[in-house]
Amino acid sequence: MRFIKLGLLSVFFLFIVVTAIGLLLPANVVVSRAIDIVAPKDSIFSKVSDIRQWKEWVTGMNMPSVVIVSATEANLAGTKVQIVSTKNYTVLSTWVGKNGTTQESIIRVLQDTSSPKAVAQWQFTEHLKWYPWQRFGSMMNEAVMGTQLETNLANLRKICEQH
């Protein structure tokens, strides 16, 4: 009986310590990547502001589990993507996962009028709860999501520079 009490108390205090350490990690995680593209920003913006055109440059959009509902809405194998606004060469969208986690995505297309290059910048922001497994799990976002963003932006550059 004494060992059971000790075990339960140990688990409880370990949970408290892990939760306290998790609370020291940020509640908002932002992963961002940018790439230079030699193309007019209007042609780039047309590719990023219409989900139907994402098939050309976003990896996995051609899979059978992807259902494109409209130019502003899609279901990516259980993740619901909705473009909320497109203005000033900025696309704001929400991504709601199967488990209910929501991420905000912003794609910006910037171009100096004196330069033939435009910059396409894509960022994801995730707002985390206090749960320690969410906070510690978010440490992998940069590695996993950053690689995906880089690949997709490179695909976007290839498509835009060909036209």
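Descriptive notes on the structure:
- Within segment 65-163, the chymotrypsin sites (Phe, Trp or Tyr not before Pro) that combine a DSSP coil assignment with at most 14 other C-beta atoms in a 10 angstrom radius are Trp130.
- Stokes-Einstein diffusion coefficient of segment 1-147, Kirkwood radius over Cα pairs, 25 °C, 0.890 mPa s, in µm²/s: 138
- Counting every other Cβ atom within 10 Å of each residue's Cβ, Ser85, Ser105 order from fewest to most as Ser85, Ser105.
- Taking the number of Cβ atoms within 10 Å of each Cβ as an exposure proxy, the fewest-first ranking of Met61, Met140 is Met140, Met61.
- Contact order relative to length of the chain, as percent, for alpha carbon pairs under 8 angstrom and 6 or more apart: 31
- The trypsin sites (Lys or Arg not before Pro) of segment 10-106 meeting both criteria, a DSSP state outside H, G, I, E and B (loop) and at most 16 other C-beta atoms within 10 angstrom of the site's C-beta, are Lys98.
- Value of [θ]222 nm, deg cm²/dmol, for the chain, DSSP H segments ≥ 4, -39500 (n - 2.57) each, nearest 500: -11500 deg cm²/dmol
- For trypsin sites (Lys or Arg not before Pro), the sites in segment 101-162 that DSSP calls loop and that have at most 11 other Cβ atoms within 10 Å are Lys129.
- Per-pair calculated FRET efficiency, R0 = 22 Å: Thr147 and Glu73 via Cβ, rounded to 0.05: 0.30
- Gain upon complete extension [Trp130, Ile21; 0.36 nm per residue less C-alpha separation]: 38.2 nm
- Stretch gain in nm, segment Val119-Met140, where the contour uses 0.36 nm per residue and the Cα spacing is subtracted: 5.0 nm
No lab work stands behind these numbers, since they all come straight from the coordinates. Model, not experiment: these values are computed from the prediction. Glycine gets a Cβ as well: all are built from the backbone with ideal geometry, and neighbour counts include every protein chain shown.
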